[in-house]
Each structure stands twice: as C-alpha cells, then as structure tokens.
Amino acid sequence: MTARHRLSRRALLALPAALAPLAARAQHMDAQRATAFIQSTGEELVAVLNSNAPVAERREQVAAILRRAVDIEGTGRFILGRWWRVATPAEQQEYLRLFEESLIRNLASRFGEFQGVRFSIGRSQARTEEDVLVTTLVERPNTAPLTLDWRVAEVGGQPKIVDLVAEGSSLRLTQRSEYSSVIQRGGNQVSALLAAMRAQNERLR
Amino acid sequence: MRFSPALAALLLLFTLGACATRPPASDPEALAEFLETNDPLEPANRAVYAVNGVLDAAVLRPVAVAYRWVLPQPVRTGVRNVLGNLRGPTILANDLMQGEMQRAGITGARFLINSTLGVAGVFDVAERHFGLRGHSEDFGQTLAVWGVPEGHYLYVPVLGPTNSRDLIGFGVDSVLSPWFWFGQGAAVEALRYSRVGVTVVDAREGVLDTLDQIERTSLDPYAVIRSGYRQRRAAEIANTGFQAPEAAFGTGIGVGPGLPSPRREGAPAR
C-alpha cells in the first residue's frame, strides 16, 4: 500500500513530462471533417449491421471498422485513468487487448437489436479545442429514436472516435468509474479488472 | 404518499451503516477520485442496492415485463401521457421557481390543452398539433439551480439512484402537487395509491431494456448506475446538451440510470 503511494506521488511529479507529448498530439479538429468522418463510418457500420452475412463474418467486419475508427489505445488509457501507471507493462498490453475485444464483443452481442438500424447526422458543434461532438439520430424499428453524440479527435493525423455520449452521459466517463470500482474492490489490483474483463468477454462469446 | 416509516428505517440504516474509507491525503489521486465519486456511504448504498436487486428481480421487474407484455404500446403510451400530465402542475411550479418563464408557459399550455383536448392527458395533443414539446423539472433540479449542492449519493429502495438533495426534492414535489391536497375520502385515497403504483410500474418498464443491458454487460452495475445518474442529472439541470426527458418520463424519481432514457415510441427526437 505504502509502496503504491510513493509510486503515485512520484508518478504525479512526472505528470507534466508525461502530458507534454499528449498536448503536442492533440491538434485542432475541423468540425466538417469530423462530421464527414462520422457520416462515412456510420454508413459502413449500418451496412454491416443490416447485412445478411453470417454473424461471425459480420463481427469481423465490425471489428475492422472499430479498429480503424476508434482511438482504442487513447480511449483505453483514458478509461483506466490513474491505474494505467500502476499497471505493469504486461498488464497494460493485456488490458488494451481485452478492452478492444470487449468493444467488439459488446457490439456483436447486440447485432439482433440493431437489425434495421438507420442513422442521420444532427447539428454538429465544436466542444473543445481538440475535439468535436457530432450528433446523430439513431432509429431502430419498434424502438424510440435515440440521440448519440460522437466525440471525434484528431489522432496521428486521422479523425478518431474518442467517446460516445448518450443523453448527457459519457460512455468513457461511466466506464472509467466502473473499471476503477472493480479495481478498488479487487484490493487495488489491476489484475482484478483484467480477470473480470476476461470473464466478461468469455460470456459474450 | 405515506412514506414515513420506510423513510425513517432508511435514514437509520444510513446513519448506522459503515462509511467508505476516505483515502489519505498522501494519495492525492485516490482522494480526488473519492471526492469525485461522492459516495462516502458506499457500503450502505451497496447493501441497499443488493437487497433492492433481489426485490426487483422477484417483484418489480416481473411486473414491468408483464405490463409490457399485456398492454399494447399505444395503451402504455396513453398511461405514460396521463402520468406526465398529472405532473404538469409540479413541473410548472418548478419552471417558475427556476425563473424559466418561457418553459413555464409551455408547461402551462400543455397542461391545459392535454387535460381537455387530450382527454385527461391520454393524448399528447399539445405536442402533436401545437408543437409544444414537453420537458421535465423537479424540485431537486430547482434546488440545484438555486445553488444547493447535491449532498451524498444515495441508493434507495424502489426509487433507485439519488442523492440527499434530489431525495428531499422528491419529498417536496410530492407535497407540492395539487393532487396531494385536493379531495378526500376512500375513493380519492385509492386513486392516489393507484397513481403511485402505476408510476412505479411505468417507470420500471421504461428502463427495462437499459437496466437489463447494464446487468448483462457491466463489470460493476452499481458503479455504472451511479456514474450514469450523476452525469444525467447534471445534463438535466443544465437543460442543455441532450434532449430533455419528456414530461411523462420525468417521474421525478431517480430511475434514470443515465443511459438512454425511456421515451415514448415514435416520438420525434429533436
């Protein structure tokens, strides 16, 4: 426990240095570009969701789209938050792998629900210096339409999705709270989260 | 609305309940997160959450499933509209107390139109024919607008996620409603109790899919609901950033777990 305290204090001192490359990486995101990106990614996704291909094939296609469109590493690190620096390099790698897998499996497990889905772009607004929130209206048969906001940032010169906001609730904030809670309840061990994620991915298989 | 014994028992539980350990100042990040989570009564809250989960699985959820199964969508929408319309005066009072005159005007007009042309609120004529979209308000939001902090996060039976401020707001809203004061006798009492019963069933049916989804995919549903509730309340209080829940869904009770809120089928979203 005390060792971790020392570690986190040291980590805190090193924070400005660690954040410098992040700040350099964050560039101004053009609202029009972000909207066009969400439009094309959304069309691709909807086409796969509505296709009649076998589930396994659709899952592969969805996985490819997500890997391309989502800043999996950045978002994964944001969600792990303060525990990222507590985790060993091996745990970090394992975590990112499980995180990507859970994204894909979660969506794949809901293919049935998304049958017949349609979406349209709503108003789009720049929220901060670095990212743009693109609003979409998602409609499914027999279900109330849903407003989903996609937070798009420029990562490595490409627009990438970094968050999904449903009715005022940010997915990455919710998930950070969820993961941190699992770690704390598992005796402040990142391995407790990894075990839970592994079990979860197994269940969604 | 006679909650006193249950409420007293609840307060007792929270006072007796163990508190979550506050991280030491030597761990600033853990402390920051502890303060941000705002759940010092977590052990007691989790205990209530667990008990409530058992009761929910045994009673509330099956009733909500049956309700959805037995009544067709248009009937359920009508029920939801009636409940929303009954909350009209409460929403109006809160609009006024927040100084939101334009929103108060909309709420007042909606109540008049829907109570008459909408046949006691069954049909949302105000939105369909007059373009007056409903919104929700409650006294918890009014307190927030007045600058009252949220207090601690609380998880209470049946109502679900809330906090000290919103729980007080819920109590005030019940008393603020004209339906609390008008009429007497067995028939009126019976109507009052039925309204509470139907509200609970309607609210539970509204979050059926969302809660099932959280239960199925979350590693810690309690933490997800807590985070979702707080974020959604912040957005509701700001009246911006997302589509406000329609009048009918603001049951005023904290059943909104933060993910997609219940909404009438077929209602235009923005």
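The values are calculated or read from the model by the stated rules, or taken from the named source; none is laboratory data. Here the structure is a predicted model, which is why all the values come from computation and not from measurement. Quick reminder, even Gly has a Cβ in these numbers, built from the backbone with ideal geometry, and neighbours come from all protein chains shown.
Is it the case that B:A126 is among the hydrophobic types (A, V, I, L, M, F, W, C), surrounded by 23 or more Cβ atoms within 10 Å (Cβ to Cβ) and assigned to a helix (DSSP H, G or I)? Outline the logic, then answer.
On the way: among the hydrophobic types (A, V, I, L, M, F, W, C): yes; surrounded by 23 or more Cβ atoms within 10 Å (Cβ to Cβ): yes; assigned to a helix (DSSP H, G or I): yes.
Judged against the criteria, B:A126 is a match.
Quick check on segment A:85-97. Is at least one of its residues within 14 Å of another protein chain (Cβ to nearest Cβ) and either more than 23 Å from A:E202 (Cβ to Cβ) or surrounded by fewer than 17 Cβ atoms within 10 Å (Cβ to Cβ) (or both)? Yes: one or more hits.
Every residue, every condition in (1) crowded, with 19+ Cβ neighbours inside 10 Å; (2) more than 23 Å from B:A44 (Cα to Cα), yes or no:
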site	(1), (2)
B:V145	no, yes
B:Y155	yes, no
B:G169	yes, no
B:Q184	no, yes
B:R192	no, yes
B:D202	yes, yes
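Quick check on segment B:236-255. Is at least one of its residues surrounded by 21 or more Cβ atoms within 10 Å (Cβ to Cβ), within 26 Å of A:E113 (Cα to Cα), in contact with a Pro (Cβ under 8 Å, 6 or more places away or on another chain) and at pLDDT 90 or above? There is no residue in segment B:236-255 that is surrounded by 21 or more Cβ atoms within 10 Å (Cβ to Cβ), within 26 Å of A:E113 (Cα to Cα), in contact with a Pro (Cβ under 8 Å, 6 or more places away or on another chain) and at pLDDT 90 or above.
For A:S51, the conditions (1) free of Cβ contacts under 8 Å to residues at least 24 places away in the same chain; (2) in a helix (DSSP H, G or I) all hold with the exception of (2). Which pairs have Cβ atoms under 9 Å, sit 6 or more apart or on different chains, and link a residue in segment B:210-221 that is among the basic types (K, R) to one that is at pLDDT below 85 and not in a helix (DSSP H, G or I)? Note: pairs meeting the criteria are B:R216/A:S109; B:R216/A:L204.
Can you name the residue in segment B:90-138 that is hydroxyl-bearing (S, T, Y) and free of Cβ contacts under 8 Å to residues at least 40 places away in the same chain and is also nearest to B:V79 (Cα to Cα) among such residues?
To start, the set of residues in segment B:90-138 that are hydroxyl-bearing (S, T, Y) comprises B:90, B:107, B:115-116, B:136.
Still in the running and free of Cβ contacts under 8 Å to residues at least 40 places away in the same chain: B:115-116.
Numbers: B:S115: 13, B:T116: 16 Å.
Residue satisfying both the conditions and the ranking: B:S115.
Of the set (1) modelled with pLDDT of 85 or more; (2) within 14 Å of chain A (Cβ to nearest Cβ); (3) crowded, with 20+ Cβ neighbours inside 10 Å; (4) closer than 16 Å to B:R80 by Cβ, all apply to B:L208 but (3).
Take segment A:152-178 and flag every residue that is within 20 Å of A:I104 (Cα to Cα) and more than 7 Å from chain B (Cβ to nearest Cβ).
Step one: of segment A:152-178, the residues within 20 Å of A:I104 (Cα to Cα) are A:152, A:159-166, A:170-176, A:178.
Passing the criteria: A:V152, A:P159, A:K160, A:I161, A:V162, A:D163, A:L164, A:V165, A:L171, A:R172, A:Q175, A:R176.
Per-residue answers, yes or no, for (1) in a helix (DSSP H, G or I); (2) at pLDDT below 90; (3) on the phi > 0 side of the Ramachandran plot; (4) in contact with a helix residue (DSSP H, G or I) (Cβ under 6 Å, 6 or more places away or on another chain):
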position	(1), (2), (3), (4)
B:D39	no, no, no, no
B:A50	yes, no, no, no
B:V54	yes, no, no, no
B:A57	yes, no, no, no
B:V65	yes, no, no, no
B:P74	yes, yes, no, no
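So, in segment A:54-90, of the ones that are of a type in the set (D, E, K, R) and in a loop (DSSP other than H, G, I, E, B), which residue ends up nearest to A:D131 (Cα to Cα)? Among residues in segment A:54-90 that are of a type in the set (D, E, K, R) and in a loop (DSSP other than H, G, I, E, B), the one nearest to A:D131 (Cα to Cα) is A:D71. Within segment B:41-80, the only residue that satisfies the criterion of being among the β-branched types (V, I, T) and under 15 Å from B:D209 (Cβ atoms) is B:V65.
When only residues in segment A:179-205 that are among the hydroxyl-bearing types (S, T, Y) and over 21 Å from A:D71 (Cβ atoms) count, which is nearest to the other protein chains (Cβ to nearest Cβ)?
A:S181
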